[in-house]
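Notes to accompany the following structure.
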Amino acid sequence: MMNIKKQVLALLALVAIGFSAQAQTYPFRSVSDINIRKDLANCNDSSIYHTDTVVTVGIVVYDGGLSEVPSGSVGGGYRPFIHIVDTANGGAGTFNGLEVMGIYQDASGSFQAYTQFTNLLAGDIVEIKGYVNSFNNGLQMTTLDANSLTILGSATPPAPVTGLNVGIFNDANRINNIQTGEPYEGRFVEFSGVTVSEVVPFGNGRVSFNVVDASGNKINISDRFIAQKTPSHQAVNPNSPVGVGNPGNFSPPVPGTFYTTLSGIIRHDGNGCAMEGGSRGYELNPFDASHYNIGFAPPFITDVERDPLIPNANQDVDVTAVITDFDGSVDSVAIGWTADPNLTPSQFPVFKMNLAIGSNDEYEYTIPQQPNGTLVRYYIYAEDDAANPSYFPNTPAGQPEPNFDFYFVRDNGLTIPDVQFTFAPNGNSPFVGENVKVRGVVSASARVQDLGYVYIQDPDFTEYAGVALVGNPDLANLYRNQWVEIEGEVEESFGFTRIIVSSVTGLGMTDTIQPIALNPSDSAGKANFGWEKYEGMLVRYENPGGGKLYITDANAGFGDYTVATDPAFNYNNSSLVLAGRQSSSAFSSLYVQLVTDSVYETQDGIMNVGPIETSDTMTMDAVVGLLSYGFSNFRVLPRANDDIIGLNVALQPVTGRPNNVSIEEVSGNLAVQVYPNPAKDFVTVSTEAEANFVVRLFDLNGRAIKSAASQHTHSTELSLQGLAEGVYVLKVTNAEGADVHTAKVIVRK
């Protein structure tokens, strides 16, 4: 009976395809057709239909509500996607899987989520209209418009492809093998007998981990689905099983965990060809909790706490941890620690950790007080009744030296360098997730003729001394050179350290931050996170020989351009500069004219100065800005035109930047009205006292996102088009550049 049903459904689907093909002007290409690659033997894995707009039909592999990819550049805040397989043979075979991204551009040019994707069910037979493309060598199809999806029927959801080993996809260094891996890209597959080698948290409640097979071949287990979101991630997909705004529930595995089977969707992040590098290779994305079948696991070390976080010379430090075992019992727990900077971790003296009184899983140890300025390093080791070991911090299986946590003894409290300094190879702060209080001088502000984002820096240090601040409307009140004390939670946003600020206090003092000189062509110096010590600091790209800097790539992609000390230098001997973009993934100034493309005048923010496109004929003496990190690269963010020094093209002079002050702002001293509030499409701002004023709207990260001027009248309207619902901060500035009114505006759609 089931076979008859399948045959009927298949026949109906084929009939529907025939009618649909007659009703549209784009050619039909099967999923298998789209999978025909141009030249795999020579590392070209693009589809022969790359950039073509086509119609295809496939079977949906999983429910659409399981995807979970946040995106600030798409309406709705997320990118829905599905994977489909060819209808031929019920999806069996090779070169027949396809990722379909459900986004499209509306009439205004803005990207919108194709929300119908999230209502699809595994087994749906769908017709999709879209264009064939790729991202980092991953084959994709992207919907063309809001009418790109038709459900034709249903079939049995595809089962995973079994009998595959990791070596088909990647080697031991995770370098991809496209000739054997591409046949399964976009497919639901299952691995057997793999072991967790590393766990890789990367901010916002996201985590991935690497597994190896018996031959040591490695693949990343990534998190495109809600199944692998941890409790600190807040869901954005409206049809997510956990619901918008609610947390995930994935617990990262411990290195050494053995999976009898591990299943998911194969995606490709190319890294094995001459033109590529630095990416993950093939990766596996589980989409259901049943895809993780654990055979055995070492002890699970969680909830590690240190009290106090930063001790003074008179304080002992209590270290506690909750330690459990998935498939047995905890046999022993120890802590290795030292105040001797010359010892390797394997040489640390080791002490027993005891169960806390009345507990069966919380272990504790007290590290005695140490002199001011001492660096203390420590790790925790646990072993279960089957002699399976685990460490905190996570230590990759087979690594000869344990990783370790650390702290400095500070009689005068935590400093910015304490927050930024790390031994971790990925540059992550040791205080991620912790609430901290630090002091610093504002090196970039959200005010006019400035970066638009707030950074502070400790002038007493020359390394690890700067940090970015987000998350509090009071940040918009700060001026450059102002001493402040902030309190908030440390986070890593894709490798970039930030503090989510809960409180801001002006200290009534000013100071000047001098930029640190960096050679943009020092490829050896910035390799292997060598410039991590300058992240968040004010720096100055300059030629150490006193010569010019040259633009070596006028458009390196995504708004970046590169500069170097020699016009003939390539990408590796150049460094990135970014301006003119403010979005969920770009945080640069809108007061810098020099940009890679004039399209940024109105895209990813509205530039406040006219764009001048970069050219490889341009030279300059230096570029000053904040050193940021993202997408595996360091880049400088100049704050305004005067941070580009000695350019051989004239830039608009910087005028009207507010004076540096360290006093509390005067708010509400004028009769200013802001209405309606809450508002939907616009707000009107009016005042009797000012005929020339500027209105600016900030988000809660202190980023200026909208502005309007009164044009010699006593009122003006500020458009709220394109803004998400929420709370924003509105500031009114008079003709002299002084803020005269601040108000909170609620946007409701």
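Brief remarks follow.
- Among 611-622, 122-133, the peptide with the highest mean count of other Cβ atoms within 10 Å heads the list, and the full ranking is 122-133, 611-622.
- Considered as an equivalent ellipsoid built on the Cα gyration tensor, the stretch 226-305 has semi-axes of 25, 20, 14 Å, the largest given first.
- S502 sits among other residues whose Cβ lies under 11 Å from its own Cβ, and their net charge, with Lys and Arg +1 and Asp and Glu -1, is -2.
- For the stretch 441-663, size of Cβ-based charge dipole, Lys and Arg +1, Asp and Glu -1, in debye: 320 debye
- Entry note, the stretch 441-663: relative contact order of 21 percent, from Cα contacts under 8 Å with a spacing of 6+ residues.
- Once the Cβ-Cβ distance of D318 and F28 is raised to the sixth power relative to R0 = 60 Å, the FRET efficiency obtained is 0.35.
- Fewest-first sequence of S263, S584 by Cβ atoms within 10 Å of each Cβ: S584, S263
- 22 Å Cα-Cα reach of K680 towards lysines, excluding residues that sit fewer than 8 places from it in its own chain: K706, K731, K744, K749
- Per residue, the convex hull volume that the Cα atoms of the stretch 161-296 enclose (Å³): 110 Å³
- Peptide ranges 432-439, 226-233 listed from the most packed, as the mean C-beta count within 10 angstrom indicates: 226-233, 432-439
- Phi-based couplings in Hz for the stretch 156-171 (Karplus 6.51, -1.76, 1.60; Gly and Pro marked x): 6, x, x, 8, x, 7, 10, x, 9, 10, 4, x, 4, 9, 9, 8
- Extent of the stretch 90-165 along its three principal axes (Cα atoms, max minus min coordinate, largest first): 48, 31, 16 Å.
- What the Cβ-Cβ distance of D616 and I357 gives, at R0 = 60 Å and to the nearest 0.05, is a FRET efficiency of 0.30.
- Leading residue at positive end of dipole, the stretch 672-747 (Cβ point charges), from A704, T687, V672: A704
- Stokes-Einstein D for the stretch 261-316, Kirkwood Rh over Cα pairs, 20 °C, 1.002 mPa s (µm²/s): 133 µm²/s
- Backbone HN-Hα couplings from phi across the stretch 545-553 [Karplus 6.51/-1.76/1.60, Hz, Gly and Pro as x]: x, x, x, 7, 9, 10, 7, 9, 9
- Contour excess over end-to-end distance, with Cα ends at Q105 and S232 and 0.36 nm allotted per residue: 42.6 nm
- The stretch 300-408 - Kirkwood radius from inverse mean 1/r over Cα pairs (Å): 14.4 Å
- Over all other residues within a Cβ to Cβ distance under 11 Å of Y62, the charged ones net out to -2, with Lys and Arg as +1 and Asp and Glu as -1.
- Estimated from the Cβ-Cβ distance and a Förster radius of 25 angstrom, the FRET efficiency linking T260 and V69 is about 0.30.
- Relative contact order for the chain: 7 percent, from Cα pairs under 8 Å spaced at least 6 residues apart, divided by residue count.
- Kirkwood hydrodynamic radius of the stretch 691-749, from inverse mean 1/r over distinct Cα pairs, in Å: 11.8 Å
- Exposure proxy shown here: for H712, H83, H291, the number of other Cβ atoms within 10 Å sets the order, fewest to most, as H712, H291, H83.
- Within the stretch 88-124: backbone nitrogen closer than 19 Å to the I36 label point (7 Å, Cα to C-beta): 88-89, 93-99
- Model label points for F631 and I746, set 7 angstrom from Cα along the Cα-to-Cβ axis, are 3.7 nm apart.
- For the stretch 441-663, the calculated P(r) over all alpha carbon pairs, in 10 Å bins from 0 to the bin holding the longest distance, is 8, 36, 38, 16, 2 percent.
- Shape analysis of the stretch 443-485 places it in the prolate category; the axes a ≥ b ≥ c from the Cα gyration tensor give an a/c of at least 1.5, with a/b above b/c.
- The residue among V161, A387, P402 whose Cα reaches farthest toward the positive pole of the charge dipole of the chain, with charges on the beta-carbon of Lys, Arg, Asp and Glu, is V161.
- With all projection directions averaged, the alpha carbon convex hull of the stretch 402-505 covers 7.0 nm².
- Counting other Cβ atoms within 10 Å as a rough exposure proxy, the listed residues V304, V376 run V304, V376 from fewest neighbours to most.
- Applying the Kirkwood pairwise sum to the alpha-carbon positions of the stretch 540-593 produces a hydrodynamic radius of 12.0 angstrom.
- Additional length obtainable on full extension of the chain from T94 to A386, 0.36 nm per residue less Cα span: 101.0 nm
- nm² value of the averaged projected area, convex hull over the Cα atoms of the chain: 36.1 nm²
- The charge dipole of the chain, taken about its Cα centre with unit charges on the Cβ atoms of Lys, Arg (+1), Asp and Glu (-1) only, comes to about 1620 debye.
- Between D327 and T366, residue separation times 0.36 nm minus the direct Cα-Cα distance comes to 11.1 nm.
- Amide H contacts of I705 (H built 1.01 Å from N, under 5 Å, at least 5 apart or other chain): L697, F698, D699
Each value in this text was obtained by applying a stated rule to the coordinates, not by laboratory testing. Treat the numbers as computed from the prediction; the structure is a model and nothing was measured. Neighbour counts run over all protein chains shown; Cβ positions are idealised from the backbone, glycine included.
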